[in-house]
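The values are calculated or read from the model by the stated rules, or taken from the named source; none is laboratory data. Because the structure is a prediction, the values reported are computed rather than measured. Here the Cβ positions follow ideal geometry from the backbone for every residue, glycine too, while neighbour counts run over all protein chains shown.
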Amino acid sequence: MFIYLSKKIAISNNLKIFCLAWNSKQGWIAVGGDEGLLKVLKLDSGKSKGVGNAAVLSMNQTLGGHNGRVQVITWNEQHEKLTTSDQNGLIIVWTLYKGIWHEEMINNRNKSVVRGMAWDSEGQKICIVYEDGAVIVGSVDGNRIFGIELKGTPLTGVQWSPDGRWLVFSLKNGEVQVYDNQGNFSMKVNIQCFPSAMVMSGVPVVSMTWYDGRNGYYEKDCPCFAICYQTGQVQIMRNQNDENPVIIDTKMNAVNCCWNHNGSILAVVGSAVLPDDNRESNVVQFCSLYGEHIRTLKIPGRVITCCVWEGSSLRVAFAVDSFVYFAIIRPDYKWGYFSKTLVFSYPGQTGTHVTFWDTNNKEIHSKIVPALYGIAAYKEYCVLATKTNDPSAQYGLTVCNTISTPVDRKF
């Protein structure tokens, strides 16, 4: 994977940015920060085609309504709504009308500050967690469904499970607890990402992100629930009961993490002293869902606070000081060429699609494999390295001809 910085947008009056949210369907970027800063931006390539071309701002609307620092932003993509909250506990729901964002609902509990908000995968319910342990679940039309008080339990974040059956809360002391969607306690998540020499207690969770499978999974039953701690420890689980999670030590002071569009790459942002430097720098580490380090990107500026992906994962944005930096990503595609046939792959809902394109006759043949690790082509054949669904034969090699027909298999 190759990545490079491509654009920088400055916020007027040098207002510090605290949070970002990128709508993966419509492309709107919400920016929140100090002194009630709230903007909705949109990048457009105009007549130019391709993500690498210069993008221009086609929307730059300032939304007034917050006075304190905007700390939490979340999109409801199904219903085209934006929900924001500031340091005073004020929550505003915004809706788009005739191309302009307007206030739809306002709520202020006047007791505590909001630490996390999350919509379920269908966009029907929102869960709001407060620092003082209060939890409120409401519907998309503004009705309250239920509320619970977790007394003496300062909360720092919330996530829904992809099926909407479970709510996961992160606590200030580093614990992660699971409740059902009616507010009943279920379990504590077994945190294993800290070495025995380190004490987890008191290390806060800075980010939780649970990929909901909206663009398919990399493979069946793969890790998709990431928990990131301030000290750089990351634990990626298949579900809340996973006793064999993927463990990553980023060796950085982490502030945020987020999945790309199909849950195959996790970006972890924060600060660290790089090998060739003698001082701390803003860095982004890109890791696979199995914890393999892919790339480290150094970001200019003093303080980085957030990272978000574009809907296609070909762009990523970072909040640094009073700037939004954009980077372009060139993924490592799996492909080959043989007998005047181009074979290439792309992820799908049920597996990886492999397409065989005869460049002479313009004929196309396709097949789906559970998980593709590599493609190699030579003379009249190509070989696909895959992971199978059969537990007795975990990996397989399939030799195919130019019309995608298997001619030999080895497991």
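Observations on the model:
- For the range 337-353, the candidate set comprises residues that are of a type outside the set (Phe, Trp, Tyr), part of a strand (DSSP E or B) and modelled with pLDDT under 95; within that set, the residue that is surrounded by the fewest Cβ atoms within 10 Å (Cβ to Cβ) is HIS353.
- Members of the range 270-318 that are of a type in the set (Gly, Ala, Ser) and either in contact with a His (Cβ under 9 Å, 6 or more places away or on another chain) or assigned to a loop (DSSP other than H, G, I, E, B) (or both): GLY291, GLY301, GLY311, SER312, SER313
- Per the listing ALA385, ALA377, ALA319, the residue uniquely assigned by TED's automatic domain parsing to the domain that holds VAL31 and crowded, with 16+ Cβ neighbours inside 10 Å is ALA319.
- Residues that are assigned to a strand (DSSP E or B), touching a strand residue (DSSP E or B) at 6+ places or on another chain (Cβ under 6 Å) and at pLDDT below 90 occur in the range 40-55; there is at least one.
- Here SER58 meets each of (1) part of a strand (DSSP E or B); (2) at pLDDT below 95; (3) buried (at least 16 other Cβ atoms within 10 Å of the Cβ) with one exception, condition (3).
- Restricting ILE136, ILE191 to residues that are touching a strand residue (DSSP E or B) at 6+ places or on another chain (Cβ under 8 Å), under 30 Å from TYR373 (Cα atoms), in the same structural domain as VAL268 (by TED's automatic domain parsing) and aliphatic (A, V, I, L, M) narrows the list to ILE191.
- Qualifying positions in the range 392-411 - outside any strand (DSSP E or B) and surrounded by 15 or more Cβ atoms within 10 Å (Cβ to Cβ): ASN401, THR402, SER404
- Any hit, the range 285-297, residues being closer than 22 Å to VAL72 by Cα and surrounded by fewer than 16 Cβ atoms within 10 Å (Cβ to Cβ): no
- Restricting ALA254, ALA267 to those that are of a type in the set (Gly, Ala, Ser), touching a residue at least 40 places away in the same chain (Cβ under 8 Å) and more than 30 Å from GLY351 (Cβ to Cβ) reduces the list to ALA254.
- Pairs meeting the criteria (first residue in the range 309-328 and within 14 Å of SER12 (Cα to Cα), second residue of a type in the set (D, E, K, R) and outside any loop (DSSP other than H, G, I, E, B), beta carbons under 8 Å, at least 6 apart or on different chains) are PHE323/LYS8; VAL324/LYS8.
- Residues in the range 72-106 that are of a type in the set (Gly, Ala, Ser) and crowded, with 21+ Cβ neighbours inside 10 Å: SER85 alone.
- Here ASP120, ASP132, ASP141 are screened, and the one residue that is at pLDDT 95 or above and among the charged types (D, E, K, R) is ASP120.
- Flag for TYR333 being among the aromatic types (Phe, Trp, Tyr), under 30 Å from GLU380 (Cβ atoms) and part of a loop (DSSP other than H, G, I, E, B): yes
- Exactly one residue out of ILE106, ILE73, ILE128 is within 21 Å of ILE29 (Cβ to Cβ) and either assigned to a strand (DSSP E or B) or free of Cβ contacts under 8 Å to residues at least 24 places away in the same chain (or both), and it is ILE73.
- Test: residue in the range 136-154 that is crowded, with 18+ Cβ neighbours inside 10 Å, farther than 24 Å from LYS125 by Cβ and out of contact with any helix residue (DSSP H, G or I) (no Cβ under 6 Å at 6 or more places or on another chain): no
- For the range 107-123, taking the residues that are buried (at least 16 other Cβ atoms within 10 Å of the Cβ) and within 21 Å of the chain's Cα centre (by Cα), the one that is nearest to ASN181 (Cα to Cα) is identified as ASP120.
- Pairs where the first residue, in the range 203-229, is without any contact (Cβ under 8 Å) to a residue 24 or more places away in the chain and in the same structural domain as PRO245 (by TED's automatic domain parsing) and the second is in a loop (DSSP other than H, G, I, E, B) and surrounded by fewer than 22 Cβ atoms within 10 Å (Cβ to Cβ), C-beta under 7 Å, 6+ apart: ASP221/ARG238
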